[in-house]
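Peer 1: This is the structure I want to talk about, given as structure tokens.
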Amino acid sequence: MSGTETLLPYLKEKKTEEQEPTIIVDSREANTATKIVKGLKERGVNIKTATLEKGDYVLSDVCAIERKTVQDFVYTLTRRYLFEQLFDLKEVYPKSMILLEGYLPIIYKYSRIQPASVWGAMFNLAKNGIAIINTTSYKETIDFLYVAARQEQIVEKRAPIVHAAKRVDTISDAQIYFVASLPNIGREKAISILKSYQTPLNALVNVDAWTKTVYGLGPKISSKVKEVLNAPFIG
């Protein structure tokens, strides 16, 4: 599609069954976002549900959408796994996006999270190639998903395809994945830890020394990791 084209001609075309897109929806998302699924069906979208390893809506072989409400997005920042989740999605679907549903200025009402943290997270996602779409309601979410799916499938002739999540192919990949899964670590810090300690076992044994040997790791992070490592499992 050239830069001079717009969506307008495609939206004005007479709709036919063949021209309506298909959106693959994660089965968990379909159960919790019933209004969105219903609205898409009313627009003529063919909905297929599947258990997706990554993303909530698959629009094509290169584009998937992760939907979060603004409240969920802010909460996720306190859990520190948002970036890993979205970067993994981008590895599988290069044109992945995050859709934030809700009134964004509400971030100024939260007491536990500074607005600067939210803007910083959004900046880092955009800087790393993950587009951010903000809709104010589920109705706008329906409109966006519908237009985006038509753009991918009707205009650019791409088919929605479920890709399996990228598997760990080497021992190094497995080591990074293991260390990155610890609280507040993530991929970049995991690599730094492994470079400092060579093996995951050596890193865990020396967790008390992380603040001195690994740049960017403070006492709060190492303390949380130690808490997870030492707490009895309650099944």
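Peer 1: About the Cα centre of segment 171-226, how large is the charge dipole given +1 on each Lys and Arg Cβ and -1 on each Asp and Glu Cβ? Please answer in debye to the nearest 20.
Peer 2: That gives segment 171-226 a dipole magnitude of about 180 debye.
Peer 1: Of LEU99, TYR138, LEU82, whose Cα points farthest to the positive end of the dipole of the chain (charges on the beta-carbon: +1 Lys, Arg; -1 Asp, Glu; origin at the Cα centre)?
Peer 2: So the residue furthest toward the plus end is LEU82.
Peer 1: Just for the chain, what percent of DSSP beta bridges are antiparallel, to the closest 5?
Peer 2: 20
Peer 1: I've got another one for you. Label segment 17-155 by shape, choosing from rounded, prolate and oblate, from the square roots a ≥ b ≥ c of the eigenvalues of the Cα gyration tensor; if a/c is under 1.5 it is rounded, and otherwise prolate applies when a/b is larger than b/c, oblate when it is not.
Peer 2: Verdict is prolate for segment 17-155.
Peer 1: Follow-up. Output the 0 to 90 degree angle, nearest 10, between the alpha-carbon long axis of helix 186-197 and the longest principal axis computed from the alpha carbons of the chain.
Peer 2: Long axis of 186-197 versus the principal axis of the chain: about 30 degrees.
Peer 1: Further, regarding this structure: Given the options VAL214, ALA174, VAL58, identify the residue whose Cα lies farthest towards the positive end of the charge dipole of the chain (+1 on Cβ of Lys, Arg; -1 on Cβ of Asp, Glu).
Peer 2: VAL214
Peer 1: Still on this structure, please answer the following. Using Cβ counts within 10 Å as a stand-in for footprinting exposure, how do ARG187, ARG67, ARG112 rank, fewest first?
Peer 2: So the ranking, lowest neighbour count to highest, is ARG112, ARG187, ARG67.
Peer 1: At most 16 other Cβ atoms within 10 Å and a DSSP loop assignment: could you name the GluC sites (Glu not before Pro) in segment 98-185 that fit?
Peer 2: Hits after loop and neighbour filter: GLU156.
Peer 1: Tell me what the chain gives for mean residue ellipticity at 222 nm when only DSSP H runs of n ≥ 4 count, each as -39,500 (n - 2.57), the sum divided by the residue total, rounded to 500 deg cm²/dmol.
Peer 2: Roughly -13500 deg cm²/dmol at 222 nm, from the helical runs in the chain.
Peer 1: Something else now. Loop-only chymotrypsin sites (Phe, Trp or Tyr not before Pro) in segment 135-223, please: DSSP not H, G, I, E or B, and at most 15 other Cβ atoms within 10 Å.
Peer 2: TYR215
Peer 1: Here's another thing I want to ask about it. Which whole number in µm²/s is D for segment 171-226 by Stokes-Einstein, with the Kirkwood Rh taken over Cα pairs at 37 °C and 0.692 mPa s?
Peer 2: Value of D from the Cα-based Kirkwood radius: 304 µm²/s.
Peer 1: Sticking with this one: Among LYS139, LYS189, which comes first, then next, by fewest other beta-carbon atoms within 10 Å?
Peer 2: With the fewest neighbours first, LYS139, LYS189 line up as LYS139, LYS189.
Peer 1: Further question on the same structure: Under 21 Å Cα to Cα from LYS212, which lysines show up? Leave out anything in the same chain fewer than 8 places away.
Peer 2: In chain and number order, the partners are LYS189, LYS195, LYS220, LYS224, LYS226.
Peer 1: Ratio to report: Rg/Rh of the chain, with Cα atoms as the point set and Rh obtained by the Kirkwood method; give two decimals.
Peer 2: My calculation puts Rg/Rh at 1.03.
Peer 1: Viscosity 0.692 mPa s, temperature 37 °C: Stokes-Einstein D of segment 24-86 from its Kirkwood Cα radius, in µm² per second?
Peer 2: After rounding, the answer is 259 µm²/s.
Peer 1: Could you give the length gained on full extension between ASN46 and LYS109, defined as 0.36 nm per residue of separation minus the Cα-Cα distance, in nm?
Peer 2: 18.8 nm
Peer 1: Which of SER96, SER192 comes first, and how do the rest follow, when ranked by fewest Cβ neighbours within 10 Å?
Peer 2: Result, fewest neighbours first: SER192, SER96.
Read-outs: derived from the displayed coordinates by stated rules, not from any lab. The model shown is predicted, which means the values in this text are computed figures rather than measured ones. Positions of Cβ are generated from backbone atoms using ideal geometry, with glycine treated the same way; all protein chains shown enter the neighbour counts.
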